[in-house]
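Asker: I have a structure I would like to understand better, so I am pasting it below and will then ask my questions one at a time.
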Amino acid sequence: MHKGIQYIGRKQFVLLLVLSNLFSYLTYYPRASAGQVAFGSSIAGLVLGNLAVWGIGALFFALEDGTGKNLCDFMLLYNRPLGRLYNGLLAIFLGLSAAHSICGFVRFLNREIFPQSSYLIFLIPFLGVLLFGVVVGIESFARTASVIFVCAALSIALIFFGTVGNVEPSALRAYSQVRWSGLWGTFVAVLQSNVELLLLFTLIKHLAQRTPSVFQSYFWLATGGAVGLSLLVKLALGNYAQLQQYPFYALAVSSDLSVVQRLDSFYLVIWVLISFVRVTALLLALCTALQGVLHDCRYNSGVWAALALVSALSAAVGASSRLYEWLTAVVKGCFAPLTLALLPLLYVFYKRAVNRGGKGRGGARGEAVH
Amino acid sequence: MRLCANLTENIVALRAMVENSSDFLNKSIHLAGHRCELVFCEGMIGIGTLAELIVEPLREYRDAHIQGPEELFLTLGRTDFLAADQKVVLTREEVLQFAMSGFAVLLIDGCEKGLALGVQGFNFRSISEPGNEQNMRGSREGFVEAARINLTMIRRRMKSPHLKFEYMNLGSESKTDVFLVYMTDKVSAKVLAEIKERMGTIRLEAILDSGYVTPFLDKKNASLFSGVGYTERPDTLCGKIMEGRVGILVDGTPFVLVAPYLFSENFQSLDDYAQRPYYVTFIRCLKFLAFTISFLLPGGYVAVVTHHPELLHKELLVKIIEAQQGTPFPLMVEALIIHIIFEIMREAGLRLPKSVGHAVSIVGALVIGDAAVSAGLIGTPMVLIVALTAVSSFVVPNLYEPVTILKFAFILLGGFWGLYGIALGLLALLLNLCSINTFGIPYTSPISPFGKAAFRDVFVRASWTTLQRGHSGIVQDLPGSSVQSDGGHGDA
């Protein structure tokens, strides 16, 4: 387990976040929770939601100021007890989010592809690879993620070529329908479950060269990917997509190349790769957050205990639909990522403003200012 | 133990140290009235050279008038018509080491030191084309077992004053000669120091092959892949050291180690730099494809046919099902059996004399393969898969060892979990590859972390006119390297 800081490149960091974000959009399809939402509204909401993420990221950069700290460090710096509490809460949320992603992925496998087999048969090897990813550290993980990005892009391109024949251009008309209620609903949905924001604020500690262009690149790639996938699903499947629990999977099932018919197996491979990136990123962020809670001597055992808890939770939640729904509500339904990102950010801004004000006044009064 | 003035005592002690070994010889001669002994090992020296460079010139001193033994020693040391390679030895251990390295050591009664004279003349295999690295164009020379001959082959190609050979002696019993070779203006001081440090940890009694040294250079690397490469070609080694790498020549083996060694280098050969870039680019892509096929095809086939038959077109699926219908084993077991048989055949063909080896190949290909299909034990598509896998695995021979193990692992993963297992296996493999750092340089660089070098000499081989523009080619300048180029401090 790497306790020291390993550094990764800017492009690697962006790709890692984009892949994590792609996980949501492979299962996400802009649909209404109650009633119909115009497709145009949901796309506009999605873009605005990502823009808001970019804005919050820019706020963090205004605070970060080249100090090399992440949000956890800032909290510890300004208020140690509060900082430890924040790090603890963040670690718990990241653990829950990791368990939720693992369950979501393995339940998909168990429901759609291998319904005859046991849930644990798929969970155990996946957990094994995840733990290996955490053990090798973020540097090796980021290198792996870069290769996965290329593989994922190629696989998605393959699915695109397999479905492009089914595209119905008349469905583009749906873009013209933009309603404020639908737009607002999607905007909120994008923000309330955006775990990437927390990954950004936690894992930024490992970024070798910090420039605000990280958020810019992330915005363009994530938004482009999400809009592209949604558009492809909408154009190829039309309203049938809204009836599906996994619309992109339905798209892959309907696709056909001359060599292979049905590309759902490619989809399976993409999702394994992307799920791995998302969950490992969450677990690595969890390890980073735990650095602010645990003493050096207890760090390794603490991390192993946390990983064991996440594994146990994944096993328990995957077996019960009620627990899974509860976990989904906690992770996606209560604005936890946004709260855990925005509140401390505002607090640190406030503390910094107070400190600067104090120093300014002190200087004016002729007190010692060095 | 230091040599003493009494010559008889020295000879008795030396004989005792080698337990009176029959190849250890000493010849008495008298020079200027002093009793001398010439000590050497049989077979390690050239008898003609000994007679011409030592015995004949020494004959002139037989009746010379030289006062004491010390004066005789100094006179002989100044004599310039004796063997060019001369060393003064002070201890009995040194006498033995030089004698066993092909030197004749002259000991004088009354003198507490000896004179080692290089008259190496042992027989060695003549220089020939290396069997494992054959090229269409370029030199036909390959390294031989004698390290000193190998040094001349390198020096002949690199007449630069920056080329440096550094001698080391490894193996407490074998006292094997090992040479580090590098360009002082290209190599990173950090890399060189680390290599020396790791070689300093070798405590083996005997170093009989360069493979004995590899694990010490490759430590902290729990992987099927190695961060240390090897070559049998002097031109390839010269190319590597020009990129800031270090060559390690071990006496007794024609395989020279190269460190640091990256994953992408397994797909490069000297021919790549002699042929047209567009063709080399095509060949490189072909090699990457062949590597993927060699470990993934059997597992992928098992996974698709067993768990995802919906992927295949109806006609193809029907043909596969027809072929597999009469076979008694599940597809995964069938794949394992046939691949194990293939590995047994390969191993048998490799170790047996060539004439018998061919017979084994014929038995394997025709008798077992054909008979197994005719008897309905194995399906025809599986034979095709094995053949394709085998041919592909020989395209990148450096990776044969990891590919063999991975092939079996992927068959098991595909058989148990289908494409899900294959995807997990690929993930674990990727993670493992990406976690290797060879002397501070990522093993997968410049593929990941990605660098422009990937489009210069990995997937694509740019032409020499492009390569000479702004392309240092130095290994420590690759993306992700923690050993940045320091302008070469090999002398540091």
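Asker: Would you confirm whether or not the range B:149-169 contains a residue that is aliphatic (A, V, I, L, M), touching a Leu at 6+ places or on another chain (Cβ under 8 Å) and over 15 Å from B:Ala259 (Cβ atoms)?
Answerer: yes
Asker: Please work out which residue is nearest to the other protein chains (Cβ to nearest Cβ), limiting yourself to the range A:249-263 and to residues that are open to solvent by less than 10 Å² (accessible area, probe 1.4 Å) and outside any helix (DSSP H, G or I).
Answerer: A:Leu263
Asker: Considering only residues that are more than 11 Å from chain B (Cβ to nearest Cβ) and of a type in the set (S, T, N, Q), which ones fall in the range A:117-138?
Answerer: A:Ser118 - this is the single residue of the range A:117-138 that is more than 11 Å from chain B (Cβ to nearest Cβ) and of a type in the set (S, T, N, Q).
Asker: On to the next question. Looking at (1) open to solvent by less than 20 Å² (accessible area, probe 1.4 Å); (2) touching a strand residue (DSSP E or B) at 6+ places or on another chain (Cβ under 6 Å), which one does B:Lys175 not meet, given that it meets all the others?
Answerer: All conditions pass for B:Lys175, except number (1).
Asker: Looking at the range B:428-449, is at least one residue open to solvent by 10 Å² or more (accessible area, probe 1.4 Å) and of a type in the set (Phe, Trp, Tyr)?
Answerer: no
Asker: For A:Ala153, are the conditions met, namely being within 14 Å of chain B (Cβ to nearest Cβ), under 26 Å from A:Ser193 (Cα atoms) and in contact with a strand residue (DSSP E or B) (Cβ under 8 Å, 6 or more places away or on another chain)?
Answerer: no
Asker: Next question. Residue check, A:Lys234 against (1) among the basic types (Lys, Arg); (2) more than 14 Å from chain B (Cβ to nearest Cβ); (3) open to solvent by 40 Å² or more (accessible area, probe 1.4 Å), all met but one. Which one?
Answerer: With (1) among the basic types (Lys, Arg); (2) more than 14 Å from chain B (Cβ to nearest Cβ); (3) open to solvent by 40 Å² or more (accessible area, probe 1.4 Å) applied to A:Lys234, the lone miss is (3).
Asker: A further question follows. Would you mind listing the helices (runs of 4 or more DSSP H) fully within the range B:345-446 where at least 3 residues are over 27 Å from A:Gly128 (Cβ atoms)?
Answerer: Here the list reads B:354-362, B:371-374, B:380-393.
Asker: Note down all Cβ pairs under 8 Å where the first residue falls in the range B:302-326 and is within 12 Å of chain A (Cβ to nearest Cβ), the second is open to solvent by 30 Å² or more (accessible area, probe 1.4 Å) and basic (Lys, Arg), and they're at least six residues apart or on different chains.
Answerer: Listed by first residue and then by second, the contacts come to B:Glu310/A:Arg262; B:Leu311/A:Arg262.
Asker: In the range B:407-416, how many are buried (at least 22 other Cβ atoms within 10 Å of the Cβ) and either within 8 Å of chain A (Cβ to nearest Cβ) or among the aliphatic types (A, V, I, L, M) (or both)?
Answerer: Counting residues in the range B:407-416 that are buried (at least 22 other Cβ atoms within 10 Å of the Cβ) and either within 8 Å of chain A (Cβ to nearest Cβ) or among the aliphatic types (A, V, I, L, M) (or both) gives 2.
Asker: Which of the residues spanning the range B:1-59 are open to solvent by 70 Å² or more (accessible area, probe 1.4 Å), within 19 Å of B:Phe122 (Cβ to Cβ) and assigned to a strand (DSSP E or B)?
Answerer: Matches in the range B:1-59: B:Lys27 only.
Asker: Among the residues that make up the range B:275-282, is at least one of them within 14 Å of chain A (Cβ to nearest Cβ), open to solvent by 10 Å² or more (accessible area, probe 1.4 Å) and either under 26 Å from A:Val269 (Cβ atoms) or at pLDDT below 90 (or both)?
Answerer: no
Asker: If I go through the range A:274-284 residue by residue, how many of them are among the aliphatic types (A, V, I, L, M) and farther than 15 Å from A:Gln12 by Cβ?
Answerer: Qualifying residue count for the region: 4.
Asker: Suppose we keep only residues that are open to solvent by less than 60 Å² (accessible area, probe 1.4 Å) and β-branched (Val, Ile, Thr) within the range B:367-394. Which one would you say is farthest from B:Lys407 (Cα to Cα)?
Answerer: For the range B:367-394, the residue satisfying everything is B:Val373.
Asker: Of these, A:Phe105, A:Phe114, A:Phe141, which one is touching a residue at least 60 places away in the same chain (Cβ under 8 Å), within 14 Å of chain B (Cβ to nearest Cβ), touching a Gly at 6+ places or on another chain (Cβ under 8 Å) and open to solvent by less than 50 Å² (accessible area, probe 1.4 Å)?
Answerer: Result of the check over A:Phe105, A:Phe114, A:Phe141: A:Phe141.
Asker: Could you grab me the full set of residues in the range A:118-137 that are free of Cβ contacts under 8 Å to residues at least 60 places away in the same chain, farther than 22 Å from B:Pro442 by Cβ, in a helix (DSSP H, G or I) and open to solvent by 10 Å² or more (accessible area, probe 1.4 Å)?
Answerer: Across the range A:118-137, the qualifying residues are A:Ile121, A:Ile124, A:Pro125, A:Gly128.
Asker: When the range B:60-93 is examined, which residues are found to be open to solvent by less than 70 Å² (accessible area, probe 1.4 Å) and not hydrophobic (A, V, I, L, M, F, W, C)?
Answerer: Within the range B:60-93, B:Tyr61, B:Gly68, B:Pro69, B:Thr75, B:Gly77, B:Thr79, B:Asp85, B:Gln86, B:Thr91, B:Arg92 meet the criteria.
Asker: Sticking with this one: Out of B:Ile154, B:Ile207, B:Ile202, report the one residue that is in contact with a helix residue (DSSP H, G or I) (Cβ under 8 Å, 6 or more places away or on another chain), farther than 29 Å from B:Asp457 by Cβ and buried (at least 16 other Cβ atoms within 10 Å of the Cβ).
Answerer: B:Ile202
Asker: From the list A:Phe276, A:Phe349, A:Phe266, which residue is part of a helix (DSSP H, G or I), of a type in the set (Phe, Trp, Tyr) and buried (at least 23 other Cβ atoms within 10 Å of the Cβ)?
Answerer: A:Phe276
Asker: Here's something else I'd like to know. Given the condition in contact (Cβ under 8 Å) with a residue 12 or more places away in the chain and either under 18 Å from A:Ala285 (Cβ atoms) or under 17 Å from the mean Cα position of the chain (by Cα) (or both), answer yes or no: does some residue in the range A:151-174 qualify?
Answerer: For the range A:151-174, residues in contact (Cβ under 8 Å) with a residue 12 or more places away in the chain and either under 18 Å from A:Ala285 (Cβ atoms) or under 17 Å from the mean Cα position of the chain (by Cα) (or both): present.
Asker: To continue, here is another question. Which ones in the range B:419-444 are more than 7 Å from chain A (Cβ to nearest Cβ) and either within 22 Å of the chain's Cα centre (by Cα) or on the phi > 0 side of the Ramachandran plot (or both)?
Answerer: Passing the criteria: B:Leu433, B:Ile436, B:Asn437, B:Thr438, B:Phe439, B:Gly440, B:Ile441, B:Tyr443.
Asker: Does A:Trp220 satisfy the condition of being within 14 Å of another protein chain (Cβ to nearest Cβ), in a helix (DSSP H, G or I) and closer than 26 Å to A:Lys11 by Cα?
Answerer: no
Asker: Restrict the check to the range B:284-304 and report whether at least one residue is farther than 30 Å from B:Phe263 by Cβ and buried (at least 21 other Cβ atoms within 10 Å of the Cβ).
Answerer: No: the range B:284-304 contains no residue that is farther than 30 Å from B:Phe263 by Cβ and buried (at least 21 other Cβ atoms within 10 Å of the Cβ).
Asker: Quick one: would you say A:Val348 is touching a residue at least 40 places away in the same chain (Cβ under 8 Å), within 16 Å of A:Ile92 (Cα to Cα), away from every other protein chain (no Cβ under 14 Å) and more than 22 Å from the chain's Cα centre (by Cα)?
Answerer: Criteria not met by A:Val348.
Asker: Check the range B:104-124 and report whether any residue there is modelled with pLDDT under 85 and outside any loop (DSSP other than H, G, I, E, B).
Answerer: Yes, that holds for at least one residue.
Asker: Still on this structure, I have one more. May I ask you to verify whether A:Lys205 is more than 11 Å from chain B (Cβ to nearest Cβ), within 18 Å of the chain's Cα centre (by Cα) and among the basic types (Lys, Arg)?
Answerer: yes
The values are calculated or read from the model by the stated rules, or taken from the named source; none is laboratory data. A quick note: this is a predicted structure, and the numbers were derived from the prediction, not measured. For neighbour counting, all protein chains shown are included, and Cβ atoms are generated from backbone atoms with ideal geometry for every residue, glycine included. To get the accessible areas, we keep the full protein, side chains included, count just its heavy atoms, and leave off ligands, DNA and RNA. Shrake-Rupley method; radii C 1.70, N 1.55, O 1.52, S 1.80 Å.
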